[in-house]
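Here is the structure we will look at, set down as structure tokens.
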Protein chains: 2
Amino acid sequence: MDRLYFEDFAPGEIVEYGDMEVAAEAIVAYARQFDPQPFHLDEAAARATVAGGLIASGWHTAAMLMRMSCDGFLNRSASQGGPGVEELDWVKPVRPGDRLRVRRTTLGARASRSRPAVGLVEFLFEVVNQNAEIVMTQKNAVFVLRRPVDEAAS
Amino acid sequence: MDRLYFEDFAPGEIVEYGDMEVAAEAIVAYARQFDPQPFHLDEAAARATVAGGLIASGWHTAAMLMRMSCDGFLNRSASQGGPGVEELDWVKPVRPGDRLRVRRTTLGARASRSRPAVGLVEFLFEVVNQNAEIVMTQKNAVFVLRRPVDEAAS
């Protein structure tokens, strides 16, 4: 597939990608390492909490979004990483057996004043489960190289 | 140690906690699973990129912040989880051998209108490296149970 440059991200475009099944073991493994709260660690303990059962750490869901985005488009793009996140909402719990995918909307794209070789592309990511429910939304920008002049001319 | 309730988070309070050394192996292990971009996967490949060497995934740094916060105060608090993140900035790269800690500022605290047993505490988290440089900042709120009446009266 062709490498994606700044010019390939058209504001308004919506694409979907990803298919990640969330195993209970993966939820617990993530939580043991990074977010050891009772509702992420153990089904029985989680039932007694506000979560009502085992739920994935929100940071695990964000990590799964990142992985689906790498596989879905970032790793074949000229991405230079991002400066941060503008907004991240955990809308619904992610539970064992859920299957996640991503709907990505390109919100905007602008050239960088300080780095002429690079543009900044602004995305909205919606993580959607098997019931078409949005479980997480995230807005953030990514630096992407502009298409080299020799390629544009060819 | 006493359990921390909503009333224990005073706006303006600043506390520090955490001491996490970032091993190259941990950077690569995280990246393999969640963020397989060249500058997170391999020192030699990373040298050829804009990063100039291996750097941790920003999501890995956010995960390390979460772990330090669990150990530092969340797991002895009556936390009920958070609704999301308002702002997250990756200010400087995190590299192998860095040692991270957290400076937490309590920005505000307010009761929940819909859930009288719960309050929302707003935090600024700054992740600081061994050179006292801020590498990441994050603003987000956490739901925390209010102190039970019988405890408050005792």
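We did not get these values from a lab; they are worked out from the coordinates using the rules stated. Nothing here was measured: the structure is a model prediction, and the numbers come from that model. Because the Cβ atoms are built from the backbone with ideal geometry, glycine has one as well, and the counts that use them run over all protein chains shown.
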Which one of these does A:Arg110 not meet: (1) more than 16 Å from B:Gly58 (Cβ to Cβ); (2) within 14 Å of chain B (Cβ to nearest Cβ); (3) surrounded by fewer than 18 Cβ atoms within 10 Å (Cβ to Cβ)? (2)
Counting only helices (runs of 4 or more DSSP H) wholly inside segment B:1-73, the ones holding at least 1 residues that are facing chain A (nearest Cβ under 9 Å), surrounded by fewer than 23 Cβ atoms within 10 Å (Cβ to Cβ) and under 12 Å from the mean Cα position of the chain (by Cα) are B:58-72
Of the residues in segment A:129-154, those that are in contact (Cβ under 8 Å) with a residue 60 or more places away in the chain and under 14 Å from the mean Cα position of the chain (by Cα) come to A:Val135, A:Met136, A:Gln138, A:Val142
Taking B:Val102 as meeting all but one of (1) within 12 Å of another protein chain (Cβ to nearest Cβ); (2) surrounded by 18 or more Cβ atoms within 10 Å (Cβ to Cβ), write down the number of the exception. (1)
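On the basis of being closer than 22 Å to B:Leu54 by Cβ and either crowded, with 17+ Cβ neighbours inside 10 Å or in contact with a strand residue (DSSP E or B) (Cβ under 9 Å, 6 or more places away or on another chain) (or both), does B:Gly97 make the cut?
Working: closer than 22 Å to B:Leu54 by Cβ: yes; either crowded, with 17+ Cβ neighbours inside 10 Å or in contact with a strand residue (DSSP E or B) (Cβ under 9 Å, 6 or more places away or on another chain) (or both): yes.
For B:Gly97, the condition - closer than 22 Å to B:Leu54 by Cβ and either crowded, with 17+ Cβ neighbours inside 10 Å or in contact with a strand residue (DSSP E or B) (Cβ under 9 Å, 6 or more places away or on another chain) (or both) - is met.
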Regarding segment B:69-92, can at least one residue be identified that is of a type in the set (Val, Ile, Thr) and in contact with a Leu (Cβ under 7 Å, 6 or more places away or on another chain)? yes
